[in-house]
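J.: Next up is a structure, given as structure tokens.
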Ligand SMILES: NC(=O)c1ccc[n+]([C@@H]2O[C@H](COP(=O)([O-])OP(=O)(O)OC[C@H]3O[C@@H](n4cnc5c(N)ncnc54)[C@H](O)[C@@H]3O)[C@@H](O)[C@H]2O)c1
């Protein structure tokens with residue numbers, strides 16, 4: 001039996017594949033490579049020494065998805081594939097609803113048709129919105145303030161309906177800010193186009209490929225005025241997915257869990273930590289707030305600890321050290337020519 005990993009060539013998905021393969025699971029990847037490279041899967045094979053069957057498919061392509069599920073014995077799905085940038089979602093909201101919600105509905109239909117009844121879903125702390133000055137628990141009300149976050153919350157609601165109708169068992173993991181890279185340096189965050197998550201941008205500045213970091217807003221209600229986030233190591237996130245799979249049977253229906261460290265860091269604190277980890281100056285410029293951004297998102301990660309004994313085992317130094325190793329080994333990321341695009 002294999003685990004279908006949608007978006008498995010992406011940043012978090014590829015690290016989750018390593019974790020699953022290292023623990024004896026088989027994986028099958030479905031990814032359209034719209035924000036990743038097949039070379040990420042080569043890295044997964046190299047790190048694990050295991051096979052990674054992969055299909056180049058857009059999740060909204062019902063026929064393509066049916067073929068994937070029909071050609072493997074799938075026991076569960078981990079659903080990473082989505083568009084993920086808050087800022088971009090403000091300018092192309094319909095695309096975000098289409099890919100994120102449309103892709104999820106298409107996947108749920110295919111899973112039902114092939115009697116696959118286990119799902120782990122990638123949700124986001126952004127569903128909580130801009131309302132908390134303290135660590136956020138899963139019971140706190142949601143109030144998304146941008147199309148990306150809304151799309152994630154709607155997906156959770158759609159999945160919950162599917163659970164009620166079909167007996168699907170699902171876990172929605174609300175990640176705070178995954179960052180870092182595999183400790184080997186062979187795998188890391190390597191999007192198509194310019195990076196927009198703060199840690200890969202910091203790496204490009206530290207390496208001298210970018211002149212400076214743009215800090216969006218220094219007038220938030222936080223001690224130094226810059227936005228506070230809860231950064232957690234991508235390998236901790238990957239481990240949580242393996243645990244989620246192992247705990248899907250614990251309860252029927254849909255459950256929600258936060259994945260974070262419980263510790264917040266401002267952008268300027270992150271800049272200083274990065275200067276230390278990389279041994280380089282990080283010039284920055286402060287501009288206006290970015291539409292859709294919020295002041296503070298820090299997890300109360302108590303439920304994951306109580307339920308599974310999961311806690312983040314890496315701190316921000318380890319996140320930045322591993323990201324820096326990947327940056328130095330792959331200064332141009334895992335990309336290459338357009339020839340790399342397509343089926344493995
Ligand atoms: N990285 C973060 O900071 C963060 C935080 C919270 C939640 N998440 C969620 O985690 C998941 C993974 O994030 P990531 O950082 O690895 O992003 P990513 O962009 O690196 O990975 C997403 C993968 O999905 C693929 N994909 C996108 N649309 C697709 C489609 N229609 N059909 C098939 N494949 C498609 C992309 O090619 C990519 O490989 C996403 O759902 C994201 O919303 C990420």
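J.: Cα-Cα pairs above 16 Å in the stretch 153-253: how many percent?
T.: Values: 3620 of 5050 pairs.
Cα-Cα pairs in the stretch 153-253 separated by more than 16 Å: 72 percent.
J.: Once both labels are modelled 7 Å past Cα along the beta-carbon direction, what's the residue 250-residue 332 spacing in nm?
T.: A separation of 4.5 nm, rounded to one decimal place.
J.: Return the FRET efficiency for the residue pair residue 166, residue 23: r is the Cβ-Cβ distance, R0 is 25 Å, and the value is rounded to the nearest 0.05.
T.: Details: r = 28 Å, r/R0 = 1.11.
Rounded to the nearest 0.05, the efficiency is 0.35.
J.: Calculate the spin-label point distance for residue 289 paired with residue 71, positioning each point 7 Å from the Cα along the beta-carbon direction, and give it in nanometres.
T.: About 4.8 nm, to one decimal.
J.: Once both axes come from the Cα atoms, what is the angle between helix 103-113 and the longest principal axis of the chain, in degrees from 0 to 90, rounded to 10?
T.: Relative to the chain, helix 103-113 is tipped by roughly 20 degrees.
J.: Taking the Cα atoms only, what angle lies between the long axis of helix 234-247 and the longest principal axis of the chain, rounded to 10 degrees?
T.: In the chain, helix 234-247 runs at an angle near 30 degrees to the longest axis.
J.: To test your reading of the geometry: what angle, between 0 and 90 degrees and rounded to tens, separates the Cα axis of helix 316-329 from the longest principal axis of the chain?
T.: Value to nearest ten degrees: 80.
J.: Starting from the Cα-Cα distance between residue 196 and residue 98, subtract it from 0.36 nm times their residue separation and give me the gain in nm to one decimal. Show your work: numbers first, answer last.
T.: Values: separation 98, 0.36 × 98 = 35.28 nm, distance 2.12 nm.
That pair, residue 196 and residue 98, stretches by 33.2 nm at full extension.
J.: Once R0 is set to 30 Å, what does the formula 1/(1 + (r/R0)^6) return for the Cβ-Cβ distance between residue 281 and residue 219, expressed as a FRET efficiency to the nearest 0.05? Numbers along the way, then the final one.
T.: Numbers: r = 24 Å, r/R0 = 0.81.
The pair residue 281/residue 219 has a calculated efficiency of 0.80.
J.: Pairwise over distinct Cα atoms, reciprocal of the mean inverse distance: report the Kirkwood radius of the chain in Å, one decimal place.
T.: Values: mean 1/r = 0.0497 Å⁻¹.
About 20.1 Å for the chain.
J.: If each residue's Cβ is checked for other Cβ atoms within 10 Å, how do 127, 215 rank with the fewest at the top?
T.: Working: 127 25, 215 19.
Taking fewest neighbouring Cβ atoms as first place, the list is 215, 127.
J.: Could I have the simple spin-label model distance between residue 131 and residue 207, label points 7 Å from Cα toward Cβ, reported in nm to one decimal?
T.: Computed distance between label sites residue 131 and residue 207 equals 4.1 nm.
J.: Using 0.36 nm per residue of separation minus the Cα-Cα distance, give me the extension gain between residue 311 and residue 56 in nm, one decimal.
T.: 88.4 nm
Values in this text are rule-based calculations from the coordinates and carry no lab data. Nothing here was measured: the structure is a model prediction, and the numbers come from that model. Heads up, the Cβs are rebuilt from the backbone with ideal geometry, glycines too, and the neighbour counts pull from every protein chain shown.
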